[in-house]
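These notes are about the structure you will find just below.
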Protein chains: 4
Amino acid sequence: MNPTIKAIGRKLRLGMIGGGPGSFIGEVHRIAARMDDRYALVATMLSSNPQKSKEAGISLGITSDRAYSTADELFKKESDREDQIDVLAIMTPNDSHYALSCRTIEKQWAIICDKPLTTKLDDAIDLVKKVNDSNTIFCQTFNYTGYPLVRHAREMVRNGDLGDIHMVKVEYIQGHNATLHEAEETENPHWKMFPEKVGPSVVLGDIGTHAHHLTRFITGEEVVRVCADVGAVVPGREFDDYAGVLIRLENGARGTMFITQAGAGAEHGLNIRVFGSKGTIEWHQERAGQMIYTPIASPMQLIKRDGPGMYPAAKRAIRVSFGHPEAFYEAFANLYKDTADAITAKMNGKPLSTDEIEFPTVEDGAKGVKFVEACKESTQNGSVWTDSVLDV
Amino acid sequence: MNPTIKAIGRKLRLGMIGGGPGSFIGEVHRIAARMDDRYALVATMLSSNPQKSKEAGISLGITSDRAYSTADELFKKESDREDQIDVLAIMTPNDSHYALSCRTIEKQWAIICDKPLTTKLDDAIDLVKKVNDSNTIFCQTFNYTGYPLVRHAREMVRNGDLGDIHMVKVEYIQGHNATLHEAEETENPHWKMFPEKVGPSVVLGDIGTHAHHLTRFITGEEVVRVCADVGAVVPGREFDDYAGVLIRLENGARGTMFITQAGAGAEHGLNIRVFGSKGTIEWHQERAGQMIYTPIASPMQLIKRDGPGMYPAAKRAIRVSFGHPEAFYEAFANLYKDTADAITAKMNGKPLSTDEIEFPTVEDGAKGVKFVEACKESTQNGSVWTDSVLDV
Amino acid sequence: MNPTIKAIGRKLRLGMIGGGPGSFIGEVHRIAARMDDRYALVATMLSSNPQKSKEAGISLGITSDRAYSTADELFKKESDREDQIDVLAIMTPNDSHYALSCRTIEKQWAIICDKPLTTKLDDAIDLVKKVNDSNTIFCQTFNYTGYPLVRHAREMVRNGDLGDIHMVKVEYIQGHNATLHEAEETENPHWKMFPEKVGPSVVLGDIGTHAHHLTRFITGEEVVRVCADVGAVVPGREFDDYAGVLIRLENGARGTMFITQAGAGAEHGLNIRVFGSKGTIEWHQERAGQMIYTPIASPMQLIKRDGPGMYPAAKRAIRVSFGHPEAFYEAFANLYKDTADAITAKMNGKPLSTDEIEFPTVEDGAKGVKFVEACKESTQNGSVWTDSVLDV
Amino acid sequence: MNPTIKAIGRKLRLGMIGGGPGSFIGEVHRIAARMDDRYALVATMLSSNPQKSKEAGISLGITSDRAYSTADELFKKESDREDQIDVLAIMTPNDSHYALSCRTIEKQWAIICDKPLTTKLDDAIDLVKKVNDSNTIFCQTFNYTGYPLVRHAREMVRNGDLGDIHMVKVEYIQGHNATLHEAEETENPHWKMFPEKVGPSVVLGDIGTHAHHLTRFITGEEVVRVCADVGAVVPGREFDDYAGVLIRLENGARGTMFITQAGAGAEHGLNIRVFGSKGTIEWHQERAGQMIYTPIASPMQLIKRDGPGMYPAAKRAIRVSFGHPEAFYEAFANLYKDTADAITAKMNGKPLSTDEIEFPTVEDGAKGVKFVEACKESTQNGSVWTDSVLDV
């Protein structure tokens, strides 16, 4: 059944800001929101061009009065409605996340916000405070944690299946910046070409924060120090496209990260290998439905999504049975589903405890911002070990 | 944008019969229908138990007046409405497909129907006639043809990339019947245990028809003769769980099929390898985002979904870019999307031509029923070569 | 240490007939024979051209007096020597295996002979008798049984890890006959183009016998009946390049085989999947160092060569430890090693029992010949079920 | 034919020092030496225990007078012989490589020596000088460069297939030190537990030097700077088992290395990925017969050993045709084969030029020693960037 309809008699009312026609992430959010039928998309602001924004909303089936032209209009008119939105999904350029989140908090709507959380660490810290003070439900879309086997991996660590964590190896290898394509795109450059919109690092803001969060999510350990080499490997490039990072976890475990968007012909290449005293696991996003598990003195296992032995937290993230692969949208949708659970529970006066919340939070987002800053600082100081702890 | 809203100003109104709570296929249809936001599910009949049927509909958010208790009620009350459904999705047991489809044709609604088409060949032939005479849009859910790389495979054959087709090897290996579990399930046996509900063969009706259609879809050739060995490999079983089939295609190509639901520990195991005079392709549903292509004197290629060189027909079946895997739901949703295109076009007075229709049709379904009968007949006659052509 | 030197104070003296310079199989035998240092190659007859034969022997380091020009010379002069060869390896065209083996038996040398055993079933049966009557050590080089994981697979079946065997699926897919290359090779055609040299079937004699033996070796069951479709899929070809076979094992298990040398771009493609009541195993020669094992309700395992849990018989077939791959030569060499063990033991008056013999025997070879004949007969009679039992 | 016999009328006479019964590497050397029949093993010193040394030699078939008890005896008696050895293979503990090599140079024998070259950088530099001054043929067994596809990778870089090299990622992940097993092995500890025998780093000496050489071999670039984190991840361990290294190549390319022997359940895990401006290649030792190649805008290729398009240098390293896998021994044997070519050519008065030498040399060994020292120094100074250039 539909747990939200059961609990509150209707779907949640969802607003979206950013993610207009032609954007990659906008369509992802919309499909994810529809997947489990817990949300009705009722209000939009889809483009910085007011006319385009309105037209795009209408073309998606939004009624004319809620296909807003500007963010101001959305915030004002929605908050005046009886049937105002319950939650706002924010997928605008990075530098606007902070201000838009603050305004959403004021309206007492829940927030689903793209990463990185902010472009400045101070903003991130302030946002954590505001979210906590206001008791806002805030989902930071580190969407790879929505994969069932990623959750299973976390459970394996929590349950001691791997023993003590000794090492971690993380890669995120994309290829869309393998050439100096930006030299040709002078007409209408993408906002990611502008440091002030992106934040201190393109490659780390875009994908490094995913790598960082995935590490923390699965190991349950904070990344406490980094020794980083961040820069551009493609000659002529003015922003960074590569980061090699040596890391130390809270418990003393060591690791390396290899993060790039300049891998010629690379597919996507997010993968993580976590080495414990009793065994090792390895997961690749490109083959998200399986995880390699090497217990120290037993045969290697290929753990399959929905196969024998799934932990309950992983089971809950699965929709279709063994053998029928699930993938990117389904994982993204799990964050929407989990957020719906949290909003619904709060509406019913039984808010979820921290332990029950499966989706990444504003604190996770802020720690990602700290990681980006620490890697840049380390690099600027000649790749010295740099503290990356953020206590929020 | 949403092409259906653009074309007709609203989403298509969808009804569902069968596929209630707890059913595997019901949830698949619903997620597929939502994926691209082209349908609004407005009417349901979800269980043979009238009370359960109504409650289940309401729990999915269907308004009380359209959460029907019985099929009769659905057909009667919907057809009386101004805003009656445009299309009915049928996912009841096999033996009801024929009658329900006939009634739907009478109402002039489009049909999305699960396979096998019918349990009797005569019914299948009659249904083809009725669908054609009435100009009904009929989608038979051979859902594996919704995978982008399956469509790419078909285009490769059509474009001569493989040269003449010489051989084909098809496997469909599931594991849920590896034990004699039915011996324990005497209380409330699944309808698939009853031949009269299933049709002449469990294993062929369930998955053999998929293997058969996939072969025809990719090669563009009919399966004209079969030499089959169909039976039960699990001792004590009263229905079939295995089929080994030697086949001949229309153009003289030879092939084998290995189809079973009794493969201990098997995941899903639908795969096909098509050998041509210039190269060979191989696709596995379990790793649906890649296809192995071995041109005769060039290095082996791993063709990736949305990678370089996709044919347009494959491109159109892709939602999210390279590196972000898509899977089962997305493939299934492609049949819904393609059906929406056909319905919308017809509503606008510009019906799609046969060539423009991507989804499997009633003819495809009927040919599957003929294949099942031919395999059973071959087996009964001592595995002799048996004609499996159906000219409809 | 070197067990042969330890046991008899010297290496075994090896002769070779056939397999001259430029032949694929000759070099394979020589490397295999050297691998474990149990043999000294001391006598050769390497070509049907007497002069070439002698020169080739000398170029390999054979002394001039034992680099023979003809088979007659080899048999005559070697048997006159005090230090005559202990064992003769036969790798001439198929139609000579029988006569050469008979002559070798007369000399009381051991035999290592390529497959197929003979081109005629009567010869095969007679050879079995002669070998047994004379107590000759005879190794038929079904070399794929030399892979450690193939032996592990057999042990898993023997030990009941898979339960009762229900189904088997075997493939052998090569590509060198994907084109009608023989049309261009009229000058100096390969002997495999001549039926009288090859026997009843090229594709079955060459690789079908491997598939047949591998099935028997792992399952421990005879193939008792076949229903076969053998023929040429490449237009214009006068010999067969494809065989689809439905099979029945002794215990009632069912299976299919897909055997071809006309798979465009195919690599080698020998693989087998054995389905039991408790689990399934799958092995591919191209990734010989791993085997997939799916126990019925536990996670899938990737069993690695020399990984945890190897059975002793598999362990004995391993030279280098975990992580350092072994491959084709090492597997082939295991047959040489096992044959050396048998010869050495016999020399020491402690011949190995049937149970202790790991290498394929003359009986295995004869059963392969029967299989080829049964498949051809089945095809000629319209793919009817045909008995393939040979009791020798 | 056998090129050595053809060129000099006999096989090369090989001596071995170290690598006695039960040693992993001894048997590897012996099988490698036999593979192509270019060497006759005629003299041995196999153990530091004189009696064991002699007995072991005899058990391998060495004549009693050349199964030496001590190194002194070997050097003395061999050099007195007319038929003295042509080449000495050294596989003793690391700290003896220098002295034994110096003595071998004095005897004017060629050398095949295990890595790391020496335990002290000064010794390495001195050895390079001595080898060059004496014109000694010296093969340092960085055996992974013997794999055909590794050579193909180097050729691809040389031929510009990848364009400019931008990044490199190298891993070497073994598992035998995943537990504190040394705590149990107090009786008869392995020499690798003693820093004075091993050199500055266990993990880098053992496998880091392989990773370093493979990087240089394929990219054709020196590793000019390192920023390293070397240490023990297993609590209680007194030697290092992990190294994370950020690197800079000569041409400015950036990279990371992840090197460990403490990966629980790890198989072997040597792999390298080289990213160029036009494409990327990736090779794993565990599946040595294939290499992934992603040209920047064409489909991903799986380059197979002996498949279409092999460069001649790779072809020369292949023994058996496509589809018949080769592996560890064959790769190791390629170093022996290439060394035989060099020795034979020199004997014939036509020494190979530097360009014609395929095997790793003493310079390569010395650069490995420098890399180890640079990584240790970097770590001791807090992971600062440290020069790793050695001009020899």
- request: Looking at (1) touching an Asp or Glu at 6+ places or on another chain (Cβ under 9 Å); (2) surrounded by fewer than 22 Cβ atoms within 10 Å (Cβ to Cβ); (3) in a helix (DSSP H, G or I); (4) within 13 Å of chain B (Cβ to nearest Cβ), find the lone condition where residue A:61 falls short.
  value: (3)
- request: Scan region C:47-56 and give yes if some residue there is out of contact with any helix residue (DSSP H, G or I) (no Cβ under 6 Å at 6 or more places or on another chain), part of a loop (DSSP other than H, G, I, E, B) and closer than 16 Å to residue C:20 by Cα, otherwise no.
  value: yes
field: Members of region C:312-344 that are touching a His at 6+ places or on another chain (Cβ under 8 Å) and in a loop (DSSP other than H, G, I, E, B)
entry: C:322, C:323, C:324, C:327
message: assigned to a helix (DSSP H, G or I), within 14 Å of chain D (Cβ to nearest Cβ) and open to solvent by less than 10 Å² (accessible area, probe 1.4 Å): is that true of residue C:7 in this structure?
response: no
- request: Only residues that are closer than 21 Å to residue B:330 by Cα and within 13 Å of chain B (Cβ to nearest Cβ): list them for region A:308-318, please.
  value: A:318
- request: Would you mention how many residues in region A:319-343 are open to solvent by less than 30 Å² (accessible area, probe 1.4 Å), within 14 Å of chain B (Cβ to nearest Cβ), in contact (Cβ under 8 Å) with a residue 24 or more places away in the chain and farther than 21 Å from residue A:209 by Cβ?
  value: 5
statement: When (1) within 14 Å of another protein chain (Cβ to nearest Cβ); (2) without any contact (Cβ under 8 Å) to a residue 40 or more places away in the chain are applied to residue A:357, the one that fails is (1)
- prompt: Quick one: which strands (runs of 3 or more DSSP E) sit completely within region B:204-306 and have at least 3 residues that are in contact (Cβ under 8 Å) with a residue 12 or more places away in the chain, within 13 Å of chain C (Cβ to nearest Cβ) and open to solvent by less than 10 Å² (accessible area, probe 1.4 Å)?
  reply: B:223-231, B:242-249, B:254-260, B:270-276, B:279-284
Any hit, region D:321-332, residues being at pLDDT 95 or above and within 30 Å of residue D:164 (Cβ to Cβ): yes
- prompt: Between a first residue in region D:150-176 that is farther than 19 Å from residue D:301 by Cα and touching a residue at least 12 places away in the same chain (Cβ under 8 Å) and a second residue that is open to solvent by 20 Å² or more (accessible area, probe 1.4 Å) and of a type outside the set (D, E, K, R), which pairs have beta carbons less than 6 Å apart while being 6 or more apart in sequence or on different chains?
  reply: D:164/D:277
Search result, residues across region A:42-62 that are within 15 Å of residue B:37 (Cα to Cα) and under 24 Å from the mean Cα position of the chain (by Cα): A:42
field: Residue check, residue A:309 open to solvent by 50 Å² or more (accessible area, probe 1.4 Å), at pLDDT below 95 and not in a helix (DSSP H, G or I)
entry: yes
task: Kindly indicate the residue of region A:23-32 that is more than 11 Å from chain B (Cβ to nearest Cβ) and under 24 Å from residue B:29 (Cα atoms) and also surrounded by the fewest Cβ atoms within 10 Å (Cβ to Cβ) among those meeting that condition.
output: A:26
query: Which of the residues spanning region A:33-47 are open to solvent by less than 30 Å² (accessible area, probe 1.4 Å), at the interface with chain B (Cβ under 10 Å from one of its Cβ atoms) and of a type in the set (A, V, I, L, M, F, W, C)?
result: A:33, A:35
task: Please state which one of B:15, B:20 is farther than 26 Å from residue B:344 by Cα and buried (at least 21 other Cβ atoms within 10 Å of the Cβ).
output: B:20
Qualifying positions in region D:345-368 - open to solvent by less than 10 Å² (accessible area, probe 1.4 Å) and in a helix (DSSP H, G or I): D:362, D:365, D:366, D:368
field: Residues that are assigned to a loop (DSSP other than H, G, I, E, B), within 14 Å of chain A (Cβ to nearest Cβ) and closer than 20 Å to residue D:213 by Cα, drawn from region D:369-391
entry: D:385
- request: Output the residue which, of all residues in region A:30-46 that are basic (Lys, Arg) and in a helix (DSSP H, G or I), is farthest from residue A:69 (Cα to Cα).
  value: A:34
- prompt: Taking residue A:53 and the conditions (1) within 12 Å of chain B (Cβ to nearest Cβ); (2) open to solvent by less than 50 Å² (accessible area, probe 1.4 Å), which numbered condition does it fall short on, given that it satisfies the others?
  reply: (1)
query: Out of (1) more than 22 Å from residue D:391 (Cα to Cα); (2) in contact (Cβ under 8 Å) with a residue 12 or more places away in the chain; (3) open to solvent by 10 Å² or more (accessible area, probe 1.4 Å), what's the single condition that is false for residue D:184?
result: (2)
- prompt: Taking the stated definitions as given, is residue B:70 of a type in the set (Val, Ile, Thr) and more than 22 Å from residue A:60 (Cα to Cα)?
  reply: yes
statement: Exactly one of A:12, A:74 is of a type outside the set (Val, Ile, Thr), more than 13 Å from chain B (Cβ to nearest Cβ) and in contact with a Phe, Trp or Tyr (Cβ under 9 Å, 6 or more places away or on another chain), and that one is A:74
- line: Across (1) more than 14 Å from chain B (Cβ to nearest Cβ); (2) in contact with a Phe, Trp or Tyr (Cβ under 7 Å, 6 or more places away or on another chain), residue C:134 clears everything bar (2)
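The values are calculated or read from the model by the stated rules, or taken from the named source; none is laboratory data. Predicted model, so just to flag it, every value in this text is computed and none were measured. Because the Cβ atoms are built from the backbone with ideal geometry, glycine has one as well, and the counts that use them run over all protein chains shown. To get the accessible areas, we keep the full protein, side chains included, count just its heavy atoms, and leave off ligands, DNA and RNA. Shrake-Rupley method; radii C 1.70, N 1.55, O 1.52, S 1.80 Å.
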